[in-house]
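Bear in mind that the values in this text are calculations on the coordinates, not laboratory data. The model shown is predicted, which means the values in this text are computed figures rather than measured ones. Cβ placement follows ideal geometry from the backbone for every residue including glycine, while neighbour counts extend to all protein chains displayed.
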2 protein chains.
Amino acid sequence: MANIKDIAKMAGVSVTTVSRVINNHPYVSAEKQEAVRRAMELCNYQRNINAVHLSKGKTFLVGVVVPFSNHPYFGLLIEGMANEALQHNYKLVLIQTNYEENKEIEALAMLKDKQIDALIICSRICEWSVIGDFTQYGPIVLCEDARGNNVSSTFVDHYKSFTAALEYLYQKGHKKIGYTIGRKSGTNSAQRSKAYKDFLEKHGIPFNPHFIFPWCFNFEDGELVVERLVQLNDRPTALLVTSDQVAAGILTCCKDRNIFIPKDLAIMGFDNQPISKVMRITTLEIPLVEVGRKLFFQAMDGENVTHEEIPVRLIERDTV
Amino acid sequence: MANIKDIAKMAGVSVTTVSRVINNHPYVSAEKQEAVRRAMELCNYQRNINAVHLSKGKTFLVGVVVPFSNHPYFGLLIEGMANEALQHNYKLVLIQTNYEENKEIEALAMLKDKQIDALIICSRICEWSVIGDFTQYGPIVLCEDARGNNVSSTFVDHYKSFTAALEYLYQKGHKKIGYTIGRKSGTNSAQRSKAYKDFLEKHGIPFNPHFIFPWCFNFEDGELVVERLVQLNDRPTALLVTSDQVAAGILTCCKDRNIFIPKDLAIMGFDNQPISKVMRITTLEIPLVEVGRKLFFQAMDGENVTHEEIPVRLIERDTV
DNA sequence: ATATTGTATGAAACGCGTTTCAGAGCAAGA
DNA sequence: TCTTGCTCTGAAACGCGTTTCATACAATAT
């Protein structure tokens, strides 16, 4: 395969001139321009992008860390990023961690060795201190409240939104409210847990550990929730479900067991995924595509560390 | 940031020796090895991966073309690839096309300019001739029957499986069978269409264009199907749905409209996604994670063009 | 007529790790 | 003693495009 030198020779010009033609720099005479183009066409020339990357010290690649790629939550986030990436002529490198710390560190290493220009972490596992060690190598953007850490972030205030959701349920008459979360640890889960405890305290409601259902990510996880639910003597009357997928799963399984929604159990989802619209699930909308877009934007704007809070919106439908 | 030259100078050796240490080549004395390691640690040295890529002519990156990334079908496919990629120390570059041809061509160009070592196309838009122009630049792997084209493929024989599904429904007493597909064009859709027509002909059943529902991808698309269904005077008694997600959506909407499954309408899904298990949807299992794994494997084995047919398995549940 | 400014072009340095090749030193086998 | 074969090391070439700097000439301004 021909390289830039071959083209230069063939067109009777210097490599500089070829480079100028390739990159549309001014100051190349029409004749030479033509000669170079002809030579490139003749050889079916393609510049070696890795040489460009080395030379420029950039790859136009942005890493995206997700625990799993087959969840609509991350799907929408990625969609937003991909759209924005397209605009900026960037590509996304997907790094699936399955919530294993070493994979996240691998992603950070990619930033260090310049394989990617920036890194977006959609769901963090590493300690902040670990992340901090890598900020010197390029922009790192988080999808959680990262204020106070030297990285940009676009996030939902889960304390606030969880509190709002709880108060909404309370005001609808619910005193016994349970909730589901994904991971037990993590900033978001911690915020929710705190919101929950503060809510209980405020209203003088006793804490019931059986009302909390961790490890709920997908539609099918709803099945287990319902199974555990029916075995409870003292059941919650409402469930705050941190994913519409899980909410849909719970709703479906409840129907099968003749648990009527919302009469027997109120359900409130999160995200406002399309499935919640079809199933008429009351939910808190998070504009995930927009969040993805903003995350990418922050990754591009590596100079400045910024934090953007995304407001959520309550969407009342038929499950509360 | 220090480069290999700096390290060499600092350790009092040549760059060759440093390179040897980095890559664990034999024939480096213990002392020099130690000296190099110390220097690297001192400088917090990180080799520039782009220089490696340029030098080696490889990037350890594999491109993955998908129309959308937020669909569980592609999610599982990617999951399989990601697992295998990890094993081989490769990373995946996600290229989302939204079914736009130019984006797919962009992906092919990435192969040409050596930004990726191989390309996996999960859902093709380009003509075969276009793909053919790029096979010289690296392995291209398809997730559809690509026999006869100079690319590897792992695929389901959709003619065969569709026929099997139709016969299964027929044998259950269904004569009026409709089906949903995603895109109208595409190898898979063509195979299914042919299977459908052959099936009708074989059993002397007249063709009814209203029984075909295109553009069905997601859960929410099931809503439209049901809406159109109820407006039909002459309704199908069974529906072959080419995605469990859509099947789940249809099932949910039917329940809301008091259309009883399978009494009023039999539904058969595809993929055996977790959702189909929870909702007890009869489906044809496609081992997508396994398919993803194999696709990646073929991408690695660029020397040989191979084709692997994946058998599907009928999973009888409660919707037929 | 002279000083500026703009256009056009190429040599060479640069980014940086890998790999080939040549050579030196030393031990085991002939 | 001589050959063969390891072990160890480094200089230099290689992969390839970008960018800086110097230069040359034409055109406009003074």
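When you look at the Cβ of every residue in B:52-60, what mean number of other chain Cβ atoms sits within 10 Å?
On the way: counts 4, 8, 8, 2, 1, 2, 1, 6, 1.
Mean shielding by partner chains, rounded to a whole number: 4.
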Q: Over the whole of A:62-71, what's the average partner chain Cβ count within 10 Å per residue? Rounded to a whole number, please.
A: 4
Q) What are the label-to-label distances in nm, one decimal and shortest first, from B:Lys277 to the same spot in the other copies, with labels 7 Å along Cα to Cβ? A) 3.0
Q) Among A:Val226, A:Leu265, A:Ala195, whose Cα sits farthest toward the positive end of the charge dipole of segment A:158-285 (+1 at Cβ of Lys/Arg, -1 at Cβ of Asp/Glu, about the Cα centre)? A) A:Ala195
Q.
Given segment A:158-285, report the % of alpha carbon pairs whose separation exceeds 17 Å.
A. 52
Q. What is the set of long-range amide H partners of A:Ile120 at a cut-off below 5 Å, with H atoms built 1.01 Å from backbone N?
A. A:Gly63, A:Val64, A:Val65, A:Val141
**Q.** Among A:Gly269, A:Gly173, A:Gly75: highest mean-square fluctuation, GNM of chain A, C-alpha pairs under 10 Å
**A.** A:Gly173
Q: May I ask you to report, in nm to one decimal and beginning with the shortest, the distances from A:Glu100 to the same position in the other copies, taking label points 7 Å along Cα-to-Cβ?
A: 3.5
Q) If one computes the Cα centroid of segment A:182-232 and of segment B:76-131, what distance in Å separates the two points? A) 39
Q. So what is the relative contact order for chain B, in percent, with contacts set as C-alpha pairs under 8 Å and at least six apart?
A. 17
Q: Rank B:Asn233, B:Asn188, B:Asn102 by mean-square fluctuation in a GNM of chain B with C-alpha springs under 10 angstrom and give only the top-ranked residue.
A: B:Asn233
Q. Once you have the alpha carbon radius of gyration of the protein assembly as shown, what is it after dividing by 2.2 N^0.38 Å, with N set to its residue count?
A. 1.08
Q) Expressed as a whole number of Å, what is the distance separating the alpha-carbon centroids of segment B:283-320 and segment B:1-54? A) 44
Q. What fraction of the DSSP beta bridges in the protein assembly as shown is antiparallel, stated in percent and rounded to the nearest 5?
A. 15
Q | Size of charge dipole - the protein assembly as shown - debye, nearest 20, with Cβ of Lys, Arg +1 and Asp, Glu -1, no other charges | A | 280
Q) Per 10 Å bin, what percent of the C-alpha pairs of segment A:4-47 does each bin hold, from zero upward? A) 35, 61, 4
Q: Would you please give the residues with an amide H less than 5 Å from that of B:Glu308, counting only those at least 5 places away or on a separate chain, with H modeled from the backbone geometry?
A: B:Ser153, B:Thr154, B:Phe155
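Grab the eigenvalues of the alpha-carbon gyration tensor for segment B:79-159, scale each by 5, take roots, and send me the semi-axes largest first in whole angstrom. Write out the running numbers ahead of the final one.
Values: eigenvalues 69, 56, 33 Å².
That gives 19, 17, 13 Å for the three semi-axes.
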Q. Which residues in segment A:169-205 place their backbone N less than 13 Å from a point set 7 Å from the Cα of A:Val130 along the Cα-to-Cβ direction?
A. A:186
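Let me know the charge dipole size of segment B:158-285 about its Cα centre in debye, to the nearest 20, where only the beta-carbon of Lys, Arg (+1) and Asp, Glu (-1) is charged. Kindly include the intermediate steps, with their values, before the conclusion.
Numbers: 17 positive and 13 negative charges, 66 e Å.
The calculated dipole for segment B:158-285 is roughly 320 debye.
Using a simple charge model, +1 on the beta-carbon of Lys and Arg, -1 on the beta-carbon of Asp and Glu, nothing else, what dipole does segment A:1-117 show about its Cα centre, in debye to the nearest 20?
Values: 13 positive and 12 negative charges, 143 e Å.
Dipole size: approximately 680 debye.
What does the charge count near A:Arg38 come to, summing +1 for each Lys or Arg and -1 for each Asp or Glu among other residues with Cβ under 14 Å from its Cβ?
On the way: positive: A:Lys9, A:Lys32, A:Arg37; negative: A:Asp6, A:Glu31, A:Glu34, A:Glu41.
My count for the surroundings of A:Arg38 gives -1.
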(Q) I need the phi-derived Karplus couplings for segment B:110-119: 6.51 cos²θ - 1.76 cosθ + 1.60, θ = phi - 60°, integer Hz, Gly and Pro marked x. (A) 4, 5, 5, 8, 6, 6, 10, 8, 7, 9
Q | Within a Gaussian network of chain A (alpha carbon springs, distance under 10 Å), most fluctuating of A:Val13, A:Val52, A:Val225 | A | A:Val13
Q: Give the cross-link partners of A:Lys255 among the lysines, using a straight C-alpha distance below 26 Å as the criterion and excluding same-chain residues fewer than 8 apart.
A: A:Lys172, A:Lys175, A:Lys176, A:Lys263, A:Lys277, B:Lys255, B:Lys263, B:Lys277
Q.
Straight-line reach from A:Lys112: which aspartates and glutamates fall under 17 Å, measuring Cα to Cα and dropping same-chain residues less than 8 apart?
A. A:Glu101, A:Glu104, A:Asp133, A:Glu303, B:Glu41
Q) From the label point of B:Lys5, set 7 Å along Cα to the beta carbon, how far off in nm is each other copy's matching point, shortest first? A) 1.9
Q. Per Stokes-Einstein, at 37 °C and 0.692 mPa s, what whole-number D in µm² s⁻¹ belongs to chain B, with the Kirkwood radius over Cα pairs as the hydrodynamic radius?
A. 148
Q.
For a quick check: with amide H placed at 1.01 Å from N, whose amide H comes under 5 Å from B:Phe213's, ignoring anything fewer than 5 positions away on the same chain?
A. B:Tyr179, B:Thr180, B:Ile181
Q: Starting from the Cα of B:Lys294, draw a straight line to each of the lysines and keep only those under 18 Å, dropping any in the same chain fewer than 8 residues away.
A: B:Lys91
Q | Positive-end residue of A:Ala2, A:Ala82, A:Ala107, charge dipole of chain A with Cβ unit charges | A | A:Ala2
Q) Net charge near B:Phe68, counting Lys/Arg +1 and Asp/Glu -1 over other residues with Cβ under 15 Å of its Cβ? A) -2
(Q) Please compute the average number of Cβ atoms from other chains found within 10 Å of each residue's Cβ in peptide A:89-102. (A) 4
Q: Could you point to the residue in B:Ala299, B:Ile177, B:His210 farthest towards the positive end of chain B's charge dipole, with +1 and -1 charges on the Cβ of Lys/Arg and Asp/Glu respectively?
A: B:Ala299
